[in-house]
Amino acid sequence: MTSSLLADLNKAQQEAVQAVDGPVLVLAGPGSGKTRVLTHRVAYLIKEKGVGPFNIMAVTFTNKAAREMRERLEQLIGEGPTTALTVGTFHSLCTRFLRRDIVHLGRERDFAIYDRDDQERLMRRVVRELSLDEKKNPPRAILSQISSAKNELVSPQEYARLNRSYYDEIVVRCYERYQALLRESNALDFDDLLVDTGRLFTQHPDVLAKYHKRYHYLLVDEYQDTNRAQYVLVKHLAAQRRNLFAVGDDDQSIYAWRGADIRNILNFEEDYPDAKVILLEQNYRSTQTILDVAQAVIAGGAKRKRLKQLWTERAAGLQVTLREGYDQNDETQIVADEIARLVTSGDYRLGDCAVMYRTNAQSRALEEALITRGLRYQIIGGTRFYERKEIKDVLAYLRLVYNPYDSVSLSRVLNVPPRGIGDRTENELNRWAGELGVPVYQALQELALEGATAASPSQAQTHRAKSSFNTRTRNALLSFLGLLDSLIEVRASLDLPTLIDTINERLDLRETLLREYGSEEGQDRWSNVQELRNVADEYSNLPREVQLPTFLEEVALVADIDNLDRQSDVVTCITLHQAKGLEYPVVFLIGLEEGLLPHSRAQNDRDQLEEERRLLYVGMTRAKERLYLLYAFRRTSYGRTNPSTRSRFLSDIPPDLVKSPLQREQTTVSPSTQFAQRSTYNPPSFGSRARSNPSRAARKRERRPSGPTEASFFSGQLVRHATFGEGVVVSSKLVENDEEVTVRFGDRERRLLASFARLEHVEG
């Protein structure tokens, strides 16, 4: 039985799977089969070592990774044992722990989870309450400071002790009030899920002992991405038996901006001196040429735990293509043209291609190019389904039905649909609730009681502060309270889909959307609401009492990448950070320029520069067969167009691994390439358009080897460019083993590299 589990593993993978007891660190290069190792290790523990599935916990960083792990485990050990395992992300597992044990911290189990939008809404309220200038103190920036503090386990009190500036003092005040409002709303933000679980384990050893008794083996994926809070959680859970199996790659640590600390993986052997360290270096994804290019880039960096030498049994494959576009529009048009060529050739589908970039803003020009070419695509990281207004509104009502003290959700739908409650009324309601020292929902109840007292003078009078709302406003607020209370009343008797139907009916939501947005857009938004109802159907098989909280919890924890559709035949457009963990036959990396990659924020920080280098490495190693590296000669940013400098990281790539568009693709002996070489059809080179009857001079230049020793173009010469049309050479000079040609096309001059531009001589 052992041989069947280990049969499809290489020697290093087998060693990792069989290293059962004690701390183990697996340094897994990209595409080296780390998920296979993780799943086979779990199967090995269960089938060969007799460990109960109930005693194993596996922690991932994305829901996608958790789903993939479960699917593979079902194939290895069956559905029953897989169901008994604890597999999930840090946040989902901490949520599970807190639902059970947060009462030890004096909190309620039915807490809401605030996403980024909820947090910003709450922080805007904090900024207003503290009479701060929102332009000088942006809520998002303050939240970023607070999140960083939480990731480092720094409380408001500790932050106050450490503050060194006036801005720090503002952050402290906002931090304290923000946490107070979270508690008042019975809510936790994402960081609190980790922090409060760590606090639970630290302050209540008896609770931690319960988890020690259950979990004998702990597996952690992507260990290089752990922050301080996650690191402490892992230390807590592994403290007794020390059976920690950490898998990661210091060369792929790219999330310092959200708190990840590369020192956690670099110092693993200091934390666990008896740890066994295993390297996974055999790659099953990319060609050797792609691996060599990626390793040349990463080798130029520092702070590496072990030097890994990635290798593959696959052929060397095609050279990597490096290409300069004139500007961002030309750059993305080159990409669209090449995708169209590859698809037309029949070798690839649109779904085989991905375009990756450093910043979301780069997707605009890319979208335009793909639309112009008629190529279907998906943008990952745009407006997420669960961030659409109509979806957020329905979710807010659901959250209020579950937890009416959720002040952010209450604020969101206080006037949805419109009922005459404006910002001034909401601010006064918040002020009055603060004066009473109660949550907003309780203040609404006080308002109802106040009305009842006024109607029945014989009732006992309260000494609490009176509201100042006029009759119309009071009636609108009480109408909302009545709607909310009626939904709370029926919640327990309805399953989740029916509850959503009930909310939609009582809000008359379809007619409201049609009235507010018009027939076409209104119907689209109503269709989104119906899709939310379809999602809710998937929870109908759960016990009725857990349908709503489970649904709300999983919706709150969904990530951009979880919405990635790999089934549709579309080009994927995605940031480099989001692309980690994915792979595609064809990958285009665009915007490889100073200021973009490395990003301008990293220019003067060595650690940030190293992370930018690792980010490029991650992008390169997403490619299986073809890798294209692109940059622009000029780029427009914030309305200004300036010359660009190609990324410093590109200079680390050996020239023989990269081809220019004028060179024919060179490869080794893969069958598909042999067929292409035998074919009489010679496709146009990357980024070009097909041309008939090229001139003799052009054919002569195409035969010219790279690294010219003399210029081939001269002032006054007529030339043709595939994109810019006909022009006149202004000047030409040799630069870096290439020829830089300045050409006037109409009223614009463009500087082009001859090896990339494929200029044709026009007979005059």
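The values are calculated or read from the model by the stated rules, or taken from the named source; none is laboratory data. All values derive from a computational prediction rather than experimental measurement. Cβ placement follows ideal geometry from the backbone for every residue including glycine, while neighbour counts extend to all protein chains displayed. Ligands, DNA and RNA are stripped out before the accessible areas are found, and what is left, the full protein with its side chains, is counted by its heavy atoms. Shrake-Rupley method; radii C 1.70, N 1.55, O 1.52, S 1.80 Å.
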Ignoring ligands, DNA and RNA, please state the percent of accessible area on region 57-213 from carbon and sulfur, probe 1.4 Å.
49 percent
Between Lys276 and residues 5 or more places away or on another chain, the pairs with built amide H atoms under 5 Å apart involve Val24, Leu25
Under 5 Å, built H, 5+ apart or other chain: amide partners of Gly29:
Leu280
Using DSSP to define loop residues, name the GluC sites (Glu not before Pro) in region 113-153 whose beta-carbon has at most 12 other beta-carbon atoms within 10 Å.
Glu134
For region 1-129, dividing by residue count, accessible area per residue (probe 1.4 Å) in Å² works out to 38 Å²
Starting at the first residue of region 359-367, write each ³J(HN,Hα) from the Karplus equation 6.51 cos²θ - 1.76 cosθ + 1.60 with θ = phi - 60°, in whole Hz, x for Gly and Pro.
10, 4, 4, 5, 6, 4, 4, 5, 4
Listed residues Val762, Tyr628, Ser92: farthest to the positive end of the dipole of the chain (Cβ charges)
Val762
Considering Cα pairs under 8 angstrom that are at least six residues apart, work out the relative contact order of the chain and quote it in whole percent.
16 percent
Suppose every K and R has +1 on its Cβ and every D and E has -1 on its Cβ; what is the size of the dipole of the chain about the Cα centre, in Debye to the nearest 20?
1180 debye
Rounded to the nearest 5, what % of DSSP beta bridges with both residues in the chain are antiparallel?
35 percent
Which of the three applies to region 46-105, rounded, prolate or oblate, going by the alpha-carbon gyration tensor with a ≥ b ≥ c and a/c under 1.5 meaning rounded?
oblate
DSSP-defined antiparallel bridges as percent of all bridges, region 564-659, nearest 5
50 percent
Using the alpha-carbon centroid of each, what span in Å lies between region 522-543 and region 34-70?
32 Å
Would you work out what percent of the accessible area of region 372-445, with all protein chains in place, is carbon or sulfur (probe 1.4 Å)?
44 percent
For Ala112, the residues 5 or more places away or on another chain with a placed amide H closer than 5 Å to its own amide H are Ala187, Leu188
Val232 accessible area, assembled protein chains, probe 1.4 Å, Å²
30 Å²
Can you compute 3J(HN,Hα) from phi for each residue in region 579-596, using the Karplus curve 6.51 cos²θ - 1.76 cosθ + 1.60 with θ = phi - 60°, rounded to whole Hz and x for Gly and Pro?
7, 4, x, 9, 8, 9, x, 10, 10, 10, 10, 10, x, 7, 9, 4, x, 10
Given Cα positions, please report Rg to Rh for the chain, the hydrodynamic radius being the Kirkwood one.
1.02
Per residue value of the accessible surface for region 207-355 (all protein chains in place, 1.4 Å probe), Å²:
34 Å²
Of the listed pairs Lys47/Lys276; Lys49/Lys213; Lys235/Lys276; Lys64/Lys580; Lys580/Lys624, those with alpha carbons more than 20 Å apart are Lys47/Lys276
Averaging over all projection directions, find the projected area of the Cα convex hull of region 575-623 and quote it in nm² with one decimal place.
3.2 nm²
Rounded to the nearest whole Å², what accessible area per residue is found for region 510-618 with the 1.4 Å probe?
44 Å²
Centre separation in Å (Cα based) which lies between region 359-405 and region 707-726
45 Å
So what are the ³J(HN,Hα) numbers for region 94-101, from phi and the Karplus equation (6.51, -1.76, 1.60; θ = phi - 60°), rounded to whole Hz, Gly and Pro as x?
5, 4, 4, 4, 6, 4, 8, 10
Does region 153-283 come out rounded, prolate or oblate by the C-alpha gyration tensor, with a ≥ b ≥ c the root eigenvalues, rounded set by a/c under 1.5 and, if not, prolate when a/b is larger than b/c and oblate if not?
oblate
Considering only Val408, Leu181, Ile278, whose Cα is most displaced toward the positive end of the charge dipole of the chain, charges sitting on Cβ of Lys, Arg (+1) and Asp, Glu (-1)?
Ile278
Can you sort Lys11, Lys733, Lys624 by solvent-accessible area, 1.4 Å probe, largest first?
Lys11, Lys733, Lys624
Neighbour net charge for Lys210 - beta-carbon separation under 15 angstrom, K R +1, D E -1:
+4
Loop-resident chymotrypsin sites (Phe, Trp or Tyr not before Pro) in region 565-638 with no more than 10 other Cβ atoms inside 10 Å, DSSP not H/G/I/E/B, are Tyr638
Descending packing, highest mean Cβ count within 10 Å first, for 596-603, 431-438 is 596-603, 431-438
Show Phe201, Phe714 ordered by accessible area, largest first, where the area counts protein heavy atoms only and the probe is 1.4 Å.
Phe714, Phe201
Taking the dipole of region 269-387 about the Cα centre (Lys, Arg +1; Asp, Glu -1; charges at Cβ), the one of Ala365, Gly301, Asn329 that reaches farthest to the positive side is Gly301
Pairs of alpha carbons in region 211-266 whose separation is greater than 20 Å (percent)
24 percent
